[in-house]
Amino acid sequence: MRDGSFLDWPFFEPRHRALAVALEAWCEANLPVPHDDVDAACKGLVAALGAGGWLQHTGAGAGERLDVRSLCLIRETLARHDTLADFAFAMQGLGMGAVSLFGTVAQRAWLDRTQGGQAIAAFALTEPGSGSDVAAITSTAIRVPGGWRLDGQKTWISNGGIADICVIFARTGEAPGAKGLSAFLMPCDVAGLEVAERLETIAPHPLARLRLDGVVLPEDALIGEAGQGFKVAMSVLDIFRPTVGAAALGMARAAQAATLSRVRGRTIQGQPLEKLQMVQGHLADMALKIDAAALLIYRAAWAKDQGAARITREAAMAKLYATEAAQEVIDMAVQLHGAEGVRIGHPVEALFREIRALRIYEGASDVQRLVIAGALA
Ligand code: COS
């Protein structure tokens with residue numbers, strides 16, 4: 001029996017509880033999908049999530065706000081049922097986050113397509129020489145008559161190879177470092193953009209390295225002001241980092257459910273595995289980590305939804321704790337499954353591979369520690 005008692009916490013409103021119930025029913029009817037061909041699976045998932053109305057939560061119109069609690073609830077629920085469904089949902093939001101926050105009316109037209117599931121979005125920040133250190137971006141965007149010319153490389157780009165629209169960050173040079181970057185909205189069929197390499201990982205997702213060679217974008221492709229790209233990126237990450245924590249939470253809950261079923265169904269020395277005190281200790285630790293992660297995630301989401309200008313510290317705490325805790329919970333789940341836990345294709349074996357990248361992307365754990373320490377009063 002799934003524990004939904006956290007939905008009674010005061011962070012939520014009735015509409016969130018209704019959302020959780022409706023999405024649970026949708027997930028039970030539609031997930032998981034086969035992951036053999038991740039490109040096809042992600043395209044299908046974006047279309048299905050769009051048709052189901054769930055992608056409406058990934059964008060916000062002018063004057064509206066993204067509801068971070070809804071984003072987190074949806075991500076944790078999808079991740080509990082199918083990690084690729086969570087990925088497909090999350091990228092529509094992260095990819096278009098800068099447009100939701102800072103986009104012009106014309107740029108927002110793309111939101112209709114990404115929120116409807118007709119277009120796939122990507123977020124191109126990382127470069128071969130600039131991962132944690134965003135201020136070191138070297139891709140350039142220089143002014144040319146009528147617009148901008150972009151050159152450089154982006155790597156580890158989720159949905160690279162299948163995206164239709166992308167928010168990309170490049171150096172426009174108003175000042176050195178963080179103050180010389182800008183954000184642009186780039187259709188992925190633009191001349192000069194190519195997929196240089198598809199990247200394979202332990203938990204396959206569509207990922208690619210992109211090369212930009214003389215990509216020309218119109219003047220109005222600029223998102224926000226020139227030179228403000230670093231702040232645009234960080235504002236988007238402030239919103240989406242708690243949602244990464246939420247995805248980790250969903251994976252931890254899936255591992256917990258599998259473990260409870262395992263220890264209740266297997267006997268050892270004539271009694272259920274669950275009755276052994278050391279197993280009970282592990283079950284308690286798993287439950288504690290799950291609740292603590294949920295509290296940090298929904299605290300951050302609630303604070304943003306209340307109108308906080310920045311939730312940088314809360315977002316970093318939620319992402320750091322929830323992803324690290326989920327790794328520990330899933331590792332314990334593998335352990336309590338015995339040899340079955342490492343059998344290829346077992347649900348906890350898949351979770352063990354899936355969770356690892358969440359401690360790295362959208363700000364590695366040590367970056368979150370730097371952010372938290374830097375935000376101490
Ligand atoms: N929201 C708005 N503005 C922010 C901000 C935020 N969350 N974080 C920083 N800023 C502003 C700062 O206030 C500062 O502006 P002022 O000089 O006007 O005060 C400016 O941005 C530079 O900030 P800072 O000096 O903290 O930048 P650093 O170069 O030291 O970088 C880290 C900070 C490491 C935290 C940042 O580069 C980072 O988050 N890296 C991880 C990147 C990441 O998540 N990559 C994954 C890509 S998506 S898979």
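Which of (1) over 21 Å from the mean Cα position of the chain (by Cα); (2) within 19 Å of D86 (Cα to Cα) does E225 not meet, given it meets every other one?
Here E225 clears every test but (2).
Within the stretch 79-93, is there a residue that is of a type outside the set (S, T, N, Q), at pLDDT 95 or above, touching a Cys at 6+ places or on another chain (Cβ under 6 Å) and assigned to a helix (DSSP H, G or I)? Steps first, answer last, please.
Step one: of the stretch 79-93, the residues of a type outside the set (S, T, N, Q) are 79-82, 84-91, 93.
This time we only want the ones that are at pLDDT 95 or above, so: 79-82, 84-91, 93.
Going one step further and asking which of them are touching a Cys at 6+ places or on another chain (Cβ under 6 Å), we end up with 81, 88.
With the extra rule that they be assigned to a helix (DSSP H, G or I), the set shrinks to 81, 88.
So far as the stretch 79-93 goes, yes, one or more of its residues are of a type outside the set (S, T, N, Q), at pLDDT 95 or above, touching a Cys at 6+ places or on another chain (Cβ under 6 Å) and assigned to a helix (DSSP H, G or I).
If you scan the stretch 162-177, which residues turn out to be surrounded by fewer than 18 Cβ atoms within 10 Å (Cβ to Cβ) and either under 30 Å from A203 (Cα atoms) or within 12 Å of the ligand (Cβ to nearest atom) (or both)? Don't jump to the end; show me each part of the working.
Restricting attention to the stretch 162-177, the residues satisfying the condition of being surrounded by fewer than 18 Cβ atoms within 10 Å (Cβ to Cβ) are 173-177.
Matches in the stretch 162-177: A175, P176, G177.
A quick yes/no check of all residues on (1) more than 18 Å from the chain's Cα centre (by Cα); (2) part of a helix (DSSP H, G or I):
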| position | (1), (2) |
| --- | --- |
| R2 | yes, no |
| F12 | yes, no |
| P34 | yes, no |
| C42 | no, yes |
| A60 | no, no |
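Restricting attention to the stretch 139-147, does a residue exist that is touching a Ser or Thr at 6+ places or on another chain (Cβ under 6 Å) and either at pLDDT below 95 or outside the structural domain of L181 (by TED's automatic domain parsing) (or both)? Break it down into steps so the answer makes sense when it comes.
Within the stretch 139-147, the subset touching a Ser or Thr at 6+ places or on another chain (Cβ under 6 Å) is 141.
From what's left, either at pLDDT below 95 or outside the structural domain of L181 (by TED's automatic domain parsing) (or both): none.
No; the residues of the stretch 139-147 include none that is touching a Ser or Thr at 6+ places or on another chain (Cβ under 6 Å) and either at pLDDT below 95 or outside the structural domain of L181 (by TED's automatic domain parsing) (or both).
With A25, A48, A40, A20 as the choices, which residue is farther than 27 Å from A315 by Cα, crowded, with 16+ Cβ neighbours inside 10 Å and aliphatic (A, V, I, L, M)? Break it down into steps so the answer makes sense when it comes.
Details: A25 fails: crowded, with 16+ Cβ neighbours inside 10 Å; A40 fails: crowded, with 16+ Cβ neighbours inside 10 Å; A20 fails: farther than 27 Å from A315 by Cα.
Residue meeting the stated conditions: A48.
Do you know which of the residues in the stretch 214-240 that are of a type in the set (G, A, S), in contact (Cβ under 8 Å) with a residue 60 or more places away in the chain and more than 7 Å from the ligand (Cβ to nearest atom) is surrounded by the most Cβ atoms within 10 Å (Cβ to Cβ)? Quick ask: steps written out before the conclusion?
As a first pass, look at the stretch 214-240 and keep what is of a type in the set (G, A, S): 214, 221, 224, 226-227, 229, 233, 235.
Applying the additional criterion that residues be in contact (Cβ under 8 Å) with a residue 60 or more places away in the chain yields 214, 221, 224, 229, 233, 235.
Right, trim to more than 7 Å from the ligand (Cβ to nearest atom) and you get 214, 221, 224, 229, 233.
Working: G214: 11, A221: 24, G224: 17, G229: 31, A233: 21.
If we take residues in the stretch 214-240 being of a type in the set (G, A, S), in contact (Cβ under 8 Å) with a residue 60 or more places away in the chain and more than 7 Å from the ligand (Cβ to nearest atom), then G229 is surrounded by the most Cβ atoms within 10 Å (Cβ to Cβ).
Of all residues being within 13 Å of the ligand (Cβ to nearest atom), outside any loop (DSSP other than H, G, I, E, B) and among the aliphatic types (A, V, I, L, M) in the stretch 339-362, which is surrounded by the most Cβ atoms within 10 Å (Cβ to Cβ)? Just the residue, please.
Here is the first cut: in the stretch 339-362, the residues within 13 Å of the ligand (Cβ to nearest atom) are 357-362.
Filter again for outside any loop (DSSP other than H, G, I, E, B), leaving 357-359.
Within this subset, residues satisfying the condition of being among the aliphatic types (A, V, I, L, M) are 357-358.
Values: A357: 18, L358: 23.
In this case the residue turns out to be L358.
Can you give me the number of residues within the stretch 139-160 that are outside any strand (DSSP E or B), away from the ligand (no atom under 14 Å from the Cβ) and surrounded by 19 or more Cβ atoms within 10 Å (Cβ to Cβ)? Can you show your working first?
The initial filter retains those residues of the stretch 139-160 that are outside any strand (DSSP E or B), namely 139, 145-146, 159-160.
When the remaining residues are screened for being away from the ligand (no atom under 14 Å from the Cβ), the result is 145-146.
Among the residues that remain, those that are also surrounded by 19 or more Cβ atoms within 10 Å (Cβ to Cβ) are: none.
So the count comes out to 0.
I'm trying to understand the selection: among the residues of the stretch 45-86, which are touching a Leu at 6+ places or on another chain (Cβ under 6 Å) and over 16 Å from W26 (Cβ atoms)?
G59, A60
Considering only the stretch 140-173, how many residues are hydroxyl-bearing (S, T, Y) and touching a helix residue (DSSP H, G or I) at 6+ places or on another chain (Cβ under 8 Å)? Quick ask: steps written out before the conclusion?
Our first condition is that a residue be hydroxyl-bearing (S, T, Y); within the stretch 140-173, this holds for 140, 155, 158, 172.
If we keep only those that are touching a helix residue (DSSP H, G or I) at 6+ places or on another chain (Cβ under 8 Å) too, we end up with 158, 172.
Qualifying residue count for the region: 2.
For the stretch 363-377, how many residues are assigned to a helix (DSSP H, G or I) and more than 8 Å from the ligand (Cβ to nearest atom)?
Our first condition is that a residue be assigned to a helix (DSSP H, G or I); within the stretch 363-377, this holds for 365-374.
With more than 8 Å from the ligand (Cβ to nearest atom) added as a condition, the list becomes 365-366, 368-369, 372-373.
Going through the stretch 363-377 one residue at a time, the tally reaches 6.
Can you go through R310, R241, R299 and tell me which one is under 23 Å from A373 (Cβ atoms) and at pLDDT below 95? Can you show your working first?
On the way: R241 fails: at pLDDT below 95; R299 fails: at pLDDT below 95.
Within the list R310, R241, R299, the selection yields R310.
What single numbered condition from (1) surrounded by 24 or more Cβ atoms within 10 Å (Cβ to Cβ); (2) over 17 Å from the mean Cα position of the chain (by Cα) fails to hold for F89?
(2)
Quick check on my filter: what residues within the stretch 100-138 are away from the ligand (no atom under 14 Å from the Cβ), part of a helix (DSSP H, G or I) and within 19 Å of L210 (Cβ to Cβ)?
Within the stretch 100-138, W110, T114 qualify.
Residues that are within 16 Å of the ligand (Cβ to nearest atom), closer than 20 Å to R69 by Cα, in contact with a helix residue (DSSP H, G or I) (Cβ under 7 Å, 6 or more places away or on another chain) and among the basic types (K, R): does the stretch 249-265 have at least one? Steps first, please.
Applying the first criterion (within 16 Å of the ligand (Cβ to nearest atom)) to the stretch 249-265 yields none.
No, that holds for no residue.
Within the stretch 286-336, count every residue that is surrounded by 23 or more Cβ atoms within 10 Å (Cβ to Cβ) and not in a helix (DSSP H, G or I).
1
The values are calculated or read from the model by the stated rules, or taken from the named source; none is laboratory data. All values reported here derive from a predicted model rather than from experimental measurement. Cβ sites come from the backbone with ideal geometry, for glycine too, and all protein chains shown count toward neighbours.
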